[in-house]
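Everything below concerns the one structure shown next.
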Amino acid sequence: MTTDPSEREEPSQPKPQRSLAGRLVLVAAVWSTVALAVAGVFLVSLYQRASERAFDAQLEIHIKALISEMLESGEEVTVRSVPSVRQPSYQGDPRFSLPLSGWYWTVRRADSPDILYASESLVGDPLPVPEIGSGEKIAGFVAGPTGDEIRVMQQRISVGDTPYVIAVGAATAGFWADINEFARLVALTLCIVGLGLILAIFLQVRVGLKPLVRLRASLSAVRQGEADRIDEELPREIAPLAVELNSLIGSNREIVERARTHVGNLAHGLKTPLSVISNEARATDGPLADKVTEQAGIMSDQIQHHLERARMAAQRRVIGVSCDARPVLERLVRAMTKIYRERDIHMDCPQDVDLRFRGESQDLEEMSGNLIDNACKWAHSSVQVTAGPISGAVSGREMFEVLVEDDGPGLTKEERAEAVKRGRRLDETVPGTGLGLSIVADLAALYGGRLELDRSDLGGLKARLVLPLLGDS
């Protein structure tokens, strides 16, 4: 039974499939990026700490040289016998004598902010230093006399009972330039390593998933009827899957064969007693005999219908069965042309049709044959058969259609709805069992398709048979 096109539900769009290889590469790429970024930050931090220690060690050398010049005796600063200090003239680095060069030193008493002695590079400007407190030695970053950042190290010493604080500062422009250069080289190196890792992971995934591609191709060959079994020459991780699939295919075929055998046995077991009953009833006159003959005929039609459905349902579940649609349709058109030669019916056959039906050829032949035969019975002079793919997937499956149109009297909307009901005949004057269209509708439904009846542009009936199409995927 057909429905109005406006009431038909829109086919649901299939969800986009996610690539397993892409997922693996993405996860590995994200993890590698995060790991390399953390490693880069860690390496730069280690280098910065090492550079600070080296910088502080250099400043500490200058402090020790200043202390050495300040003490008249040159003894340890903790010795209380040293009575006084002298003004150092330390020039251990030429930059201490260049005005505002970024390298400075100062000496002051710990209990006073006034500078006792200072390097020539300060030219009278103060050297900002952090509060040393009670500690012996501290280092930190401060803004120098010119506003540029400098690193200052301070050390407290005691000469006699007088505490002094010696501070040495140096500009950090070169210090940070070295760290930034190191960070740039680390980033460049890790980017190259990361790209190499991602490429290696991509190649590893491609090579690692290649057996799955072979398994997919082998399964596709079975599905398309090009092979009977799946290739089991696969790595040991997925070889059991191929074995189980082959077992499933074999079990499916055994079930189908058993179903066909049972269908045949049931058909022979029922038809013979029905034939005997019908013959006996026809040999006897009377209303009872007529009723028995009528009911026996109905039983025979019902048995034929349901046996046909059972046979088709069994065939529908066969794995790896397909056929080309064009040879089947051309063969049917040639046969019908010969059968209805006396009526001189002109028939158009589909040309350049490259469609592959996902099912058995005898099923397509039976469905299309019923429709073409029905069109020839009612046509005045012309029958047109066309076929083509349907744009857009229906319920996630690719479909194609077979259109059979005639220029006969056609059917009304109510008659078209009645025509596909099981066992209903609209006209007893044309020979037939009345089961053709209902069998076509049932068989199409078993394949996930449908049969639709509508008004043809030729003036008669248009039968639209929608069936699954076997694609490349």
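The values are calculated or read from the model by the stated rules, or taken from the named source; none is laboratory data. Source: prediction; values computed, not measured. Here the Cβ is made from the backbone with ideal geometry for all residues, glycine too, and neighbour counts use every protein chain on show. In case anyone asks, the SASA skips ligands and DNA or RNA and just uses the protein heavy atoms, side chains included. Shrake-Rupley method; radii C 1.70, N 1.55, O 1.52, S 1.80 Å.
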- Tell me, what is the FRET efficiency for R229 and A29 to the nearest 0.05, using R0 = 35 angstrom and their Cβ-Cβ distance as r? 0.40
- Of all the C-alpha pairs in the range 119-244, what % are more than 26 Å from each other? 61 percent
- Task: For R356, R236, R23, give the ranking by accessible area with the largest first, probe 1.4 Å.
- Result: R236, R23, R356
- Figure the gain on full extension for S19 and D324 (residue separation times 0.36 nm, minus the Cα-Cα span) and round it to one decimal in nm. 106.7 nm
- So how long is each side of the range 122-188 along the principal axes, counting just the alpha-carbon atoms, biggest first, in Å? 56, 26, 15
- Message: I want to check the label-to-label distance for L98 and E414. Put each point 7 Å from Cα in the C-beta direction and report it in nm to one decimal.
- Response: 11.0 nm
- Query: Tell me, what is the FRET efficiency for E60 and T146 to the nearest 0.05, using R0 = 22 angstrom and their Cβ-Cβ distance as r?
  - Reply: 0.40
- Query: Once the piece of chain linking V41 and A221 is laid out straight, how much longer is it, given 0.36 nm per residue of separation minus the C-alpha distance between them?
  - Reply: 59.6 nm
- Message: Given the whole protein assembly as supplied and a 1.4 Å probe, what does the accessible area of K291 come to in Å², nearest 10?
- Response: 110 Å²
- Query: How far apart, in nm, are the 7 Å Cα→Cβ label points at F182 and H346?
  - Reply: 9.2 nm
- List, in the order given, every pair from K271/K377; K64/K137; K271/K338; K338/K462 whose Cα-Cα distance in the structure shown is over 20 Å. K271/K377; K271/K338; K338/K462
- With N set to the residue count of the range 162-306, report its C-alpha Rg divided by 2.2 N^0.38 Å to two decimal places. 2.82
- Note on the structure: Once amide hydrogens are built 1.01 Å from N within the peptide plane, the residues lying 5 or more places from L355 or on another chain with amide H under 5 Å from its amide H are A325, R326
- Roughly how much of I138 is accessible, in Å² to the nearest 10, using a 1.4 Å probe? 50 Å²
- Name the long-range amide H neighbours of D125: under 5 Å, sequence gap of 5 or more, or other chain; modelled H, no Pro or chain starts. none
- Message: Can you compute the modelled spin-label distance between E237 and L203, with each label point 7 Å from Cα toward Cβ, in nm?
- Response: 1.9 nm
- Message: I'd like the accessible area for L203: 1.4 Å probe, protein heavy atoms, all chains in place, Å² to the nearest 10.
- Response: 90 Å²
- Query: Using a Förster distance of 35 Å, how high is the FRET efficiency between V276 and H380, based on the Cβ-Cβ distance and rounded to 0.05?
  - Reply: 0.25
